[in-house]
Amino acid sequence: MALQEISRAVKIHDYIGKLERLTNLSLKNSPIILGLSSQKNIFDLPPDTKDSYEYVEQLYGDISDHDLLFKAMRTGWSYLNSSRKLFPESKEECYKQLIKSYAFHKAKQLGYLISDNQLKEKQVCHGEYEAYYAVHEIFYGHALGIWERKSDFDWFMYNYASWHQNVKLITSQFIVPSSLHQNITPYILDQLWLVCDAKNQVRLLGLEISGEQHFFNRIDRDSKTLGNENHLKSLGYEMYYVPSWWCRVDPYRVICEFLDVSGIFPDAIRYLIGSELNSIDKYICGICHAPMVRWNWDWIQKCKVGNSTVLAHKSCAIHQSSSCC
Ligand SMILES: [Zn+2]
């Protein structure tokens, strides 16, 4: 475990260093939220909600899309509202789901114009799997120091419970039309969140993991983001953009920031160990001084060394505490 923790971290830190030199950008100090919707986009549920399972089951069963989601909300809201089918159960299942998520193949079946090259493209970028899995772990009570009582513990637990209560669907690789003309290549959102805001009101939040290729291709990220956002907003979506390099170092941190800024779970970040590390360069073990990444939720731990408390690899922290006893 010690070797895996350190070798993975060294590889990722080196990779980001190379990427910085290639792009001439200061990626290690980049913000974690690269862009976000200027306001909440809340809308009322369609009035004719019936109690049908058909479209909701389709949402759970395959890569989903804008039309299917709205049909499911219109015809099966009470089922969607009470169901807890949010994620695959295990890390392996989660990985399999993303790997087999051929969103462009599905989009082609739905009648979108998709080129042969797009069909061949690897559609899950670095960081996407890590971010999706981090959501899974945080949702099921890992990663956050839930039982670490701070002065605002009651407020934290209230937000934690509300988050669980209000999130109705989280799905990866969600297809959204990119224009009014159905046959243009669609957007593929990396994550879609369906969240209740109040009774009979919902929000649709899209989380986009901006990959390194955005820099290699010299795409003007800001203008692209703005153009996308206006269209997506008109369809009912709020967009949040996060960097893939941060997802590779600390996907838990990225998801907590998203939960916080979106208002779905205010202050989630305060209960994450090591949330004070505001640059990738600071992810260094306080014991062995090698780089750290949080691939598993418990890979960064607090540990006493002499009179001070440091952040350390899990394996270093375990070794340290056993040698103290
Ligand atoms: Zn260490």
Residue by residue through the range 292-306, which ³J(HN,Hα) values in whole Hz follow from phi under the Karplus form 6.51 cos²θ - 1.76 cosθ + 1.60 (θ = phi - 60°), with glycine and proline marked x? 10, 9, 10, 7, 9, 4, 9, 6, 10, 10, 8, 8, 8, 10, x
Stretch K11-H289 to full length: gain in nm at 0.36 nm per residue minus the Cα-Cα span? 98.6 nm
With a 18 Å threshold on alpha-carbon distance, the violating pairs from K40/K233; K11/K304; K71/K168; K28/K314 are K11/K304; K28/K314
The extension gain from N307 to H231, computed as 0.36 nm times the residue separation minus the Cα-Cα distance, is 21.9 nm
Residue separation between N278 and E57 times 0.36 nm, minus their alpha-carbon distance, gives in nm 75.5 nm
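Based on alpha-carbon atoms only, what is the radius of gyration of the chain relative to the globular estimate 2.2 N^0.38 Å?
1.04
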Candidates P186, P251, P88: whichever shows maximal mean-square fluctuation once the chain is modelled as a Gaussian network with Cα springs under 10 Å: P88
Given a 1.4 Å probe, the accessible area of the chain per residue, as a whole number of Å², is 48 Å²
Find the centroid of the Cα atoms in the range 1-33 and in the range 164-205, then give the distance between the two in whole Å. 30 Å
Just report the Cα centroid separation between the range 245-259 and the range 107-139, whole Å. 18 Å
Using Cα springs under 10 Å in a Gaussian network model of the chain, which residue among M157, M239, M73 shows the largest mean-square fluctuation? M157
If exposed means no more than 16 neighbouring beta carbons inside 10 Å and the site is in a DSSP loop, what's the longest run of the chain without any exposed chymotrypsin sites (Phe, Trp or Tyr not before Pro)? 148-325
Computed helical MRE - 222 nm, the chain, DSSP H runs ≥ 4 contributing -39500 (n - 2.57), nearest 500: -13000 deg cm²/dmol
So, with a 1.4 angstrom probe, what is the percent of accessible area on the range 31-277 that is carbon and sulfur? 51 percent
Work out how far the C-alpha atoms of the range 52-174 reach from end to end along every principal axis, then list the three figures in whole Å, largest first. 56, 36, 20
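The values are calculated or read from the model by the stated rules, or taken from the named source; none is laboratory data. Bear in mind the structure is a predicted one, so any value in this text is a computation, not a measurement. A quick note on method: Cβ atoms are made from the backbone with ideal geometry, for glycine too, and the neighbour counts reach across all protein chains shown. SASA here: full protein model, heavy atoms, side chains in, ligands and nucleic acids out. Shrake-Rupley method; radii C 1.70, N 1.55, O 1.52, S 1.80 Å.
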